[in-house]
Amino acid sequence: MTDPRQEGTPAGTSPADIDRRAAIAEALGKEVWPADRDALLARAQESNATDRVLGDLRRLPEGQRFENVQDVARALGLGTEQQRF
């Protein structure tokens, strides 16, 4: 059983990872999912995303479908929150 008081981010996730993931989520919004890299890039450009966000999205593999920002974060090697029960 998981300790309900444990932090929601895994060990090794840095504050910078959290900030990057938040910036990606803000640039993409909720309406874009599911989407591939090209659709995510187009949406980020429409929302005037930062160069850092655009650069991160360009690193995503082609032809892969992403269901949410957590999928994107995993593909970029960023930490993601643990699911609590």
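Quick check, is Q82 modelled with pLDDT under 85, part of a loop (DSSP other than H, G, I, E, B) and touching a Pro at 6+ places or on another chain (Cβ under 9 Å)? Before you say what the answer is, go through the steps one by one.
Working: modelled with pLDDT under 85: yes; part of a loop (DSSP other than H, G, I, E, B): yes; touching a Pro at 6+ places or on another chain (Cβ under 9 Å): yes.
In short, yes.
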Apart from one, (1) assigned to a loop (DSSP other than H, G, I, E, B); (2) among the small types (G, A, S); (3) closer than 20 Å to G79 by Cα all hold for G63; the odd one out is (3)
All-but-one check, V53 against (1) of a type in the set (V, I, T); (2) surrounded by fewer than 18 Cβ atoms within 10 Å (Cβ to Cβ); (3) modelled with pLDDT of 95 or more, failing number (2)
Flagged pairs (Cβ under 9 angstrom, 6 or more apart or on separate chains; first in the stretch 27-53, touching a residue at least 40 places away in the same chain (Cβ under 8 Å); second in a loop (DSSP other than H, G, I, E, B)) are L28/S47; L28/A49
If we ask which residues in the stretch 62-75 are more than 19 Å from E31 (Cβ to Cβ) and either of a type in the set (S, T, N, Q) or in contact (Cβ under 8 Å) with a residue 40 or more places away in the chain (or both), their number turns out to be 1
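Is there a residue in the stretch 8-17 that is surrounded by 13 or more Cβ atoms within 10 Å (Cβ to Cβ) and modelled with pLDDT of 95 or more?
Step one: of the stretch 8-17, the residues surrounded by 13 or more Cβ atoms within 10 Å (Cβ to Cβ) are 9, 13, 17.
Next, only the ones that are modelled with pLDDT of 95 or more stay: none.
No, every residue in the stretch 8-17 fails to be surrounded by 13 or more Cβ atoms within 10 Å (Cβ to Cβ) and modelled with pLDDT of 95 or more.
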Every listed condition ((1) of a type in the set (D, E, K, R); (2) in contact with a Gly (Cβ under 8 Å, 6 or more places away or on another chain); (3) at pLDDT 95 or above) holds for D38 save (2)
Considering the stretch 18-44, residues that are among the acidic types (D, E) and more than 11 Å from the chain's Cα centre (by Cα), and then whichever is surrounded by the fewest Cβ atoms within 10 Å (Cβ to Cβ), we arrive at E31
Within the stretch 19-60, the residues that are over 17 Å from G77 (Cβ atoms), out of contact with any Leu (no Cβ under 8 Å at 6 or more places or on another chain) and β-branched (V, I, T) are T50
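The values are calculated or read from the model by the stated rules, or taken from the named source; none is laboratory data. Just so it is clear, the structure is predicted and the values come from calculations on it, not from any experiment. Glycine gets a Cβ as well: all are built from the backbone with ideal geometry, and neighbour counts include every protein chain shown.
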